[in-house]
Amino acid sequence: MKPKETKNLFSLTTPLYYVNDVPHVGSAYTTMAADAVARFQRLQGKSVLLITGTDEHGQKIQRTAESLNRSPQDHCDQIVSSFESLWHKLDIQYDRFSRTTASRHAEIVKEFFGRVWDKGDIYLSQQQGWYCVACEEFKEERELIDQKYCPIHTNKQVEWRDEQNYFFRLSKYQKQLEALYQERPDFIQPESRRNEVVSFVSQGLEDFSISRLNVDWGFPVPVDPNQTIYVWFDALLGYITALLDPDSEPTLENALSKWWPINLHLIGKDILRFHAVYWPAMLMSADLPLPGRIFGHGFLTKDGKKMGKSLGNTLNPVELVSQFGADAVRYYFLKEIEFGQDGDFNLTRFVNTLNADLANDLGNLLNRTLRMAHKYFEGRIPNVSGAAIPDDHLLKSYAANLGQTVAQGYESLAFSEVCIATLNLVQAGNKYIDEQAPWTLYKQGKLDLVGSVLYSVLESVRLAAYLLSPITPNLSNEIYQQLGFSIDFNDKTTVETAVPFGTHARWGVLPAEQALAEPQPVFQRLELPETVSS
Ligand SMILES: Nc1ncnc2c1ncn2[C@@H]1O[C@H](COP(=O)(O)OP(=O)(O)OP(=O)(O)O)[C@@H](O)[C@H]1O
Ligand SMILES: [Zn+2]
């Protein structure tokens, strides 16, 4: 078997979201980021597998379904469709949607459990402790806030548990985990999350229970049908099930043959411990290679508290998208909140950012330059070659390093830096055209100069559109089309093959004399709804 790196493949995951309620902006946040990475990797010519899905078992879901008088499966099916529909609205191009109630998943969980069992890493013991059903996690007493509330779900009290469960020998992997964090400092990102994990592990790992006695909604423990498998043990394996081709037998060997190990797990910091501690230990026990990287981003907050389904303080992404469009929502969250940090949502800032960056800086620059090209050059790109523009030209020299900066930004998930660096070029374009005043040059009969000014501005706009396409694919489509290309950034094959980063992220792609489309605003200015005072 060829090692995966040589196959030009890139696989990544979002969390498998709990189906205790419909998705909110927090769920969308991770998914938008994952989609931007997937699109960037495709531009690099990679074959990409983007996995998302839902975590459907456990007490949290069982109780939610009961409270709604639904069977758990009906409940899951209803909520799943709301996730799928939101992902379509947001132009998320996922390749696999992994549901943990799928029968194929049951097979994978059984086989994996068998491996860990055979290794001697599972044993029966008494579990006592405080449990947050919303987290589906035992908490240390010292972590709890007043009156035994969960620190993440500040409206949910933890519950005391005292039952016989099967345990996973996490403690056995302490040294191996410590060695992993040491040898692969990039395994957990950002740095602050890595430090958190390293410090947690250094305090000593305790085995954790991987079964539940009084929860019916789950897979039976293969060696004891009176217990069900703990929802997290089953959910993490959902990433592996997702790797199965639709028509292949559900075996671990098949699932792991092409896309494993996963390059990147994107998660929120709430589920860091599961991914950075439990998951690698489970994989070590099953003798499987470990994923490439785990990135735990920050929380979108409302009045300083994590937005969440359990707390109910969420912002509805469907409304945001219907009102402002997918590109606007994607751009705002990826640009305005530094990936890794927490960030509060503010509608006024949302509207102002989009108007400033996309409507004014980018949209207007294209629009006014196109108008001049129509007026002075009969609707064509001036007859100039990018190569002929001197290397020390203001825009060309900035553009020379931009592709690399942006690639580095996407690789390290610094989306904000990607947007800022790209917008800098656009802002420089605006300044440049004002200073050069091609309308005056035209009156002076300096048509060559006008041509080179317009070319360099249009080429800068094209480059910006290309570099932002993983974040704002529809806007980039509009811009490319107005510049006379027929390229669809939402078409995966085109993206993988027709617009390679090595060419399109560089200066000088606009063909001389290419026919331009009629100028149309590419991004409509947004209005602040009157009801909003923030
Ligand atoms: N406020 C948030 N900010 C950023 N990401 C979030 C937020 N809420 C959820 N997420 C994303 O969803 C993941 C958690 O999924 P989950 O289904 O538990 O959603 P949740 O809304 O946090 O649910 P609950 O409130 O019931 O815990 C996080 O790891 C993160 O990827
Ligand atoms: Zn909790």
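Just to be sure before I move on: is residue 174 at negative phi, away from ligand 1 (no atom under 16 Å from the Cβ) and either among the polar types (S, T, N, Q) or assigned to a strand (DSSP E or B) (or both) in the structure I sent? Please lay out each step first, then the result.
Working: at negative phi: yes; away from ligand 1 (no atom under 16 Å from the Cβ): yes; either among the polar types (S, T, N, Q) or assigned to a strand (DSSP E or B) (or both): yes.
Yes.
Among the residues in the range 261-273, are any open to solvent by less than 10 Å² (accessible area, probe 1.4 Å), closer than 17 Å to residue 52 by Cα, out of contact with any strand residue (DSSP E or B) (no Cβ under 8 Å at 6 or more places or on another chain) and of a type outside the set (Ser, Thr, Tyr)?
Among the residues of the range 261-273, not one is open to solvent by less than 10 Å² (accessible area, probe 1.4 Å), closer than 17 Å to residue 52 by Cα, out of contact with any strand residue (DSSP E or B) (no Cβ under 8 Å at 6 or more places or on another chain) and of a type outside the set (Ser, Thr, Tyr), which makes the answer no.
Can you name every one of the helices (runs of 4 or more DSSP H) wholly within the range 399-518 that holds 3 or more residues which are closer than 19 Å to residue 370 by Cβ and either open to solvent by 50 Å² or more (accessible area, probe 1.4 Å) or touching a Cys at 6+ places or on another chain (Cβ under 9 Å) (or both)?
On the way: elements: 415-436, 438-443, 447-468, 473-482, 492-497, 501-504.
Ranges flagged: 415-436, 438-443, 447-468, 473-482.
Please find, among 85, 11, the residue that is more than 25 Å from residue 221 (Cβ to Cβ), more than 16 Å from ligand 2 (Cβ to nearest atom) and open to solvent by 10 Å² or more (accessible area, probe 1.4 Å).
Values: 11 fails: open to solvent by 10 Å² or more (accessible area, probe 1.4 Å).
Selected residue: 85, the only one of 85, 11 that is more than 25 Å from residue 221 (Cβ to Cβ), more than 16 Å from ligand 2 (Cβ to nearest atom) and open to solvent by 10 Å² or more (accessible area, probe 1.4 Å).
Taking only pairs six or more apart or across chains, which ones have beta-carbon atoms under 7 Å, a first residue in the range 259-275 that is without any contact (Cβ under 8 Å) to a residue 40 or more places away in the chain, and a second residue that is surrounded by fewer than 23 Cβ atoms within 10 Å (Cβ to Cβ)?
275/267
Here are some conditions: (1) more than 16 Å from ligand 1 (Cβ to nearest atom); (2) open to solvent by 10 Å² or more (accessible area, probe 1.4 Å); (3) part of a helix (DSSP H, G or I). Residue 42 meets all but one. Which one does it not meet?
Evaluating residue 42 over (1) more than 16 Å from ligand 1 (Cβ to nearest atom); (2) open to solvent by 10 Å² or more (accessible area, probe 1.4 Å); (3) part of a helix (DSSP H, G or I) leaves (2) as the failure.
Being of a type outside the set (Val, Ile, Thr), more than 18 Å from the chain's Cα centre (by Cα) and open to solvent by less than 40 Å² (accessible area, probe 1.4 Å) is the filter here; which residues of the range 48-81 pass it? Can you show your working first?
Step one: filter the range 48-81 for residues of a type outside the set (Val, Ile, Thr), giving 49-50, 53, 55-60, 62-63, 65-78, 81.
Okay, now just the ones that are also more than 18 Å from the chain's Cα centre (by Cα), so 56-60, 62-63, 65-78, 81.
Residues satisfying the conditions are 56, 57, 58, 59, 60, 62, 65, 72, 75, 76.
Which of the residues belonging to the range 107-157 are more than 16 Å from ligand 2 (Cβ to nearest atom), within 30 Å of residue 74 (Cα to Cα) and either touching a strand residue (DSSP E or B) at 6+ places or on another chain (Cβ under 9 Å) or open to solvent by 30 Å² or more (accessible area, probe 1.4 Å) (or both)?
Of all residues in the range 107-157, those more than 16 Å from ligand 2 (Cβ to nearest atom) come to 107-128.
Subsequent filtering for residues that are within 30 Å of residue 74 (Cα to Cα) retains 107-114.
Answer for the range 107-157, where residues must be more than 16 Å from ligand 2 (Cβ to nearest atom), within 30 Å of residue 74 (Cα to Cα) and either touching a strand residue (DSSP E or B) at 6+ places or on another chain (Cβ under 9 Å) or open to solvent by 30 Å² or more (accessible area, probe 1.4 Å) (or both): 107, 109, 110, 111, 113.
Kindly indicate which of 295, 350 is assigned to a strand (DSSP E or B), touching a residue at least 12 places away in the same chain (Cβ under 8 Å), within 16 Å of ligand 1 (Cβ to nearest atom) and aromatic (Phe, Trp, Tyr). Before the answer, list the steps.
Numbers: 350 fails: assigned to a strand (DSSP E or B).
Only one candidate qualifies: 295.
Among the numbered criteria (1) over 24 Å from residue 384 (Cα atoms); (2) open to solvent by less than 60 Å² (accessible area, probe 1.4 Å); (3) under 25 Å from the mean Cα position of the chain (by Cα); (4) not charged (D, E, K, R), which one does residue 529 miss?
Tallying (1) over 24 Å from residue 384 (Cα atoms); (2) open to solvent by less than 60 Å² (accessible area, probe 1.4 Å); (3) under 25 Å from the mean Cα position of the chain (by Cα); (4) not charged (D, E, K, R), residue 529 fails exactly one: (3).
Residue by residue through the range 304-323, note down the ones that are at pLDDT below 95, open to solvent by less than 20 Å² (accessible area, probe 1.4 Å) and either within 17 Å of residue 337 (Cα to Cα) or not in a loop (DSSP other than H, G, I, E, B) (or both).
If the condition is that a residue be at pLDDT below 95, open to solvent by less than 20 Å² (accessible area, probe 1.4 Å) and either within 17 Å of residue 337 (Cα to Cα) or not in a loop (DSSP other than H, G, I, E, B) (or both), then 307, 317, 320 are the ones that fit.
What's the number of the condition residue 301 fails, among (1) under 18 Å from the mean Cα position of the chain (by Cα); (2) modelled with pLDDT of 95 or more; (3) over 30 Å from residue 179 (Cβ atoms)?
(2)
Within the bounds of the range 108-125, is there any residue that is under 18 Å from residue 21 (Cβ atoms) and at pLDDT 95 or above? Reasoning before the result, please.
Keep residues of the range 108-125 that are under 18 Å from residue 21 (Cβ atoms), which gives none.
No, the range 108-125 contains no residue that is under 18 Å from residue 21 (Cβ atoms) and at pLDDT 95 or above.
Restricting the search to the range 299-313, which residues are within 17 Å of residue 23 (Cα to Cα) and more than 7 Å from ligand 1 (Cβ to nearest atom)? Show your work before the answer.
First, pick out the residues of the range 299-313 that are within 17 Å of residue 23 (Cα to Cα): 299-302, 306-313.
If the condition is that a residue be within 17 Å of residue 23 (Cα to Cα) and more than 7 Å from ligand 1 (Cβ to nearest atom), then 302, 312, 313 are the ones that fit.
Write out, first by first residue and then by second, each pair whose Cβ atoms fall under 6 Å of each other, whose residues are 6+ apart or on separate chains, and whose first residue, in the range 135-152, is closer than 18 Å to residue 163 by Cβ and within 16 Å of ligand 1 (Cβ to nearest atom) while the second is at pLDDT 90 or above and among the hydroxyl-bearing types (Ser, Thr, Tyr).
138/131
The values are calculated or read from the model by the stated rules, or taken from the named source; none is laboratory data. Owing to the predicted nature of the structure, the values given are computational and were not obtained by experimental measurement. Quick reminder, even Gly has a Cβ in these numbers, built from the backbone with ideal geometry, and neighbours come from all protein chains shown. For the accessible areas, the whole protein counts, side chains as well, though only heavy atoms, and no ligand, DNA or RNA atoms are used. Shrake-Rupley method; radii C 1.70, N 1.55, O 1.52, S 1.80 Å.
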